[in-house]
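What follows is one structure encoded as structure tokens, with my remarks underneath.
The values are calculated or read from the model by the stated rules, or taken from the named source; none is laboratory data. None of these values were measured; they are calculated from a predicted model. Backbone-built Cβ (ideal geometry, glycine too); neighbour counts: all protein chains shown. Each accessible area value is taken on the protein alone, full model and side chains, heavy atoms only, with ligands, DNA and RNA left out. Shrake-Rupley method; radii C 1.70, N 1.55, O 1.52, S 1.80 Å.
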Amino acid sequence: MNFKSLFFSAAMLMAIGLPQNLSAETVKVNVRLNGKTRFPKTNKWMGVLEVQIGDKKSQRTIESKEAGTTIEYNIPDGSSFALKEAWKLHGYKLNSISQENGEWIVTYDADKESEYQYLWFHNDKEPFRIPSIVTMKNGKLLAINDARPCGNDIGYGRVDQVMRIGSKDGSKWTEGKYVIQGSYSDEGVRDDGFGDPAMVVDRESGAILLIDVCGHTVCWHGNWPDGEPNPVARLYSTDNGKTWGDALDGKHSPAPQGAMCSWSDITNIFYSAFMQRGEEGFDKYRVQSLFVGSGKLTQSKTIKVGTHYRVYAPVWTKNHGNRVLYTDDFGQTWHALGGKTALPCPGGDEPKCEELPDGSVVLSSRKGAGRYFNIYKYSDDNKVNGAWGTCVASDQEKGGIKCGRNSTNGEILIIKARKASDGSEATLALQSLPTGDGRTDVKIYWKDITNPESYSSPKTFAENWNQQPYQVSYTGSAYSTMTLQKDGRIGFFYEEEPGWYSMVYVPISIETITNNLYKIK
């Protein structure tokens, strides 16, 4: 008599001291793959299956190296077994799930056309978040994002910065490595973690400036100058991302013991750009806590009144919405755009900014159902004085960006292009953000701003965006950023499920984004 015929439960078998597998049925799942994906080094994961044994469900990520192998599951006697697709992954398509001769067969087809690549894949160990991507002076791409062993933001534990370098067309990427790691300790030092990367490449020297929020303070708990704020870290690379440190000239200080590289704590420099205790208006205009909007910093194409072309850094603040800082010496010193009392978007959340064709600065800020926009216009030729306009909500303006109720950061990018119809020169504004009621379905909105009247005020800039945005993601997706590649395409880097999140890169042409109405200049 075999034990299976006795219908013992697993609990009964344990009670009488017999191994559980004596009452288990072995279910075999054979994994097959047809063809070879376009990017096998980055797209190593074929799909995610939902495995149901009895009333218990779990997920199993199938890697390409498992093709041709058999996965076995021990099923308690009397329990059912079922498989179905839980997540579609880039680079592969599920062909079928079937049963043959008592075995389950899961077959995938390689997607040879897809240009989506996973630069970091969430494999249940640690999530990845907050993308930043730039085109370096040598033409290659640099992508940096958070790796979060603590599973959360700065202030909750260790957060690291990781990077990969891509070829000029984004088809090949180096293996990932750390830029800098958080030390997380109970002592609460400022190198606990480094997150929310924001980068810019100097157009003359090619030096890269990286700004991170750092430390152990949750942003809402900051209270400058009476307590610890969100600290600010500054790093430079002068060799196209190969090494990082604290100096613009490349002569970095020795790394602290146990650290990967040196870095500069510029918390006091950042906060000193705003009202200080004793100054008139301090109580009204003080900044208690801040961090720079992640993704890209913006360098002016025309304004150079110091050692470098001007760089803008939009910031979130705990108590006054958005402010914008600028530097004329590539991050050594910072000043408030519009002055210490300027409040360009009091209700704004995480911000981005860009330079308009006339040298003005447009602020784009996170909000539910769309974006906030405001514009700073200079009033003198020296580019010292100027004023902010009135902040407007895109979803309240005619033809403005209006989407689901999610409140998530995106990216704004302004590029030169040509009309496909007659070849005439054009300027396009691109704005990415999720469009569902939750963090789903990242799309790219666009608007022709060739006519200066289209950005003569925040209201006119918020109006008349194309109402057929290009859809990048068809699933859960959140933050995104963009860079103009040397091949004329947009390097798009964003967060996408599975997990919270995986980091996905895809190059997209202007023709694709605009449905062939425009092409790159």
Pick out, in residue order, every one of the trypsin sites (Lys or Arg not before Pro) in the range 196-259 that is DSSP loop and has at most 16 other C-beta atoms within 10 Å; say none if there are none. Arg203, Lys242, Lys251
Report which label in (1) 1.15; (2) 1.02; (3) 1.04 holds the value of Rg/Rh (Cα atoms, Kirkwood Rh) derived from the coordinates of this structure. (3)
To the nearest 10 square angstrom, how much accessible area does Arg286 have with a 1.4 angstrom probe? 30
Given charges at beta-carbon only (K, R positive; D, E negative), |dipole| of the chain in Debye: 980
Taking the Cα of Lys301, stepping 7 Å toward and past its beta carbon, and measuring to each backbone N in the range 355-369: which are under 15 Å? 355-362
Taking 45 Å as R0, compute the FRET efficiency from the Cβ-Cβ separation of Thr512 and Thr26 and round it to 0.05. 0.40
Neighbour-limited loop hits for trypsin sites (Lys or Arg not before Pro), the range 50-141 (at most 12 other Cβ within 10 Å; DSSP other than H, G, I, E, B): Lys112, Lys125
Placed amide H near Gly400: partners under 5 Å, 5+ positions off or other chain: Asn464, Trp465
What full-extension length gain, to one decimal in nm, is calculated for Asp265 and Thr341 as 0.36 nm per residue of separation minus the Cα-Cα distance? 24.9 nm
Compute the signed sum of charges (Lys and Arg +1, Asp and Glu -1) over the other residues within less than 13 Å, Cβ to Cβ, of Cys403. +4
Among Ser365, Phe270, Met260, the residue whose Cα sits farthest towards the positive end of the charge dipole of the chain (+1 at Cβ of Lys and Arg, -1 at Cβ of Asp and Glu, taken about the Cα centre) is Ser365
Give the residue from Asn515, Val201, Thr243 lying farthest towards the positive end of the charge dipole for the chain; charges sit on Cβ (+1 for Lys and Arg, -1 for Asp and Glu) and the dipole is referred to the Cα centre. Asn515
For labels at Thr333 and Gln59 in the simple 7 Å Cα→Cβ model, what's the distance in nm? 5.0
Which whole-number percent is the relative contact order of the chain (Cα, under 8 Å, 6+ apart)? 10
Students sometimes get this wrong: rank Thr390, Thr107 by accessible area, probe 1.4 Å, all chains present, largest first. Thr390, Thr107
Hey, how many Å between the Cα centroid of the range 470-497 and the Cα centroid of the range 181-220? 23
Got the relative contact order for the range 345-447 handy, in percent, Cα pairs under 8 Å and 6 or more residues apart? 20
Options Ser424, Ser64, Val232, ranked by Cα towards positive dipole end of the chain, top entry (Cβ charges): Ser424
Per the rule of 0.36 nm per residue minus the C-alpha distance, extending Ser96 to Lys41 adds in nm 17.4 nm
For the range 508-514, what does the Karplus curve 6.51 cos²θ - 1.76 cosθ + 1.60, with θ = phi - 60°, yield as ³J(HN,Hα) per residue in whole Hz, taken in order and with x for Gly and Pro? 9, 7, 5, 4, 5, 5, 9
At each listed q (0.35 Å⁻¹), what is the log10 of I(q)/I(0) that the Debye formula gives for the range 100-140 modelled as equal alpha-carbon point scatterers? -1.17
Report the GluC sites (Glu not before Pro) located in the range 154-217 that are in a DSSP loop and have at most 11 other Cβ atoms inside 10 Å of their Cβ, or state none. Glu175, Glu187
What is the spin-label model distance, in nm, from His221 to Thr107 if the labels are put 7 Å beyond Cα along the C-beta direction? 5.5
Please state the charge dipole magnitude for the range 315-473, taken about the Cα centre, from unit charges on C-beta atoms (+1 on K and R, -1 on D and E), reported in debye and rounded to the nearest 20. 500
Once exposed loop chymotrypsin sites (Phe, Trp or Tyr not before Pro) are cut out (DSSP; at most 13 other Cβ, 10 Å), longest piece of the chain: 8-473
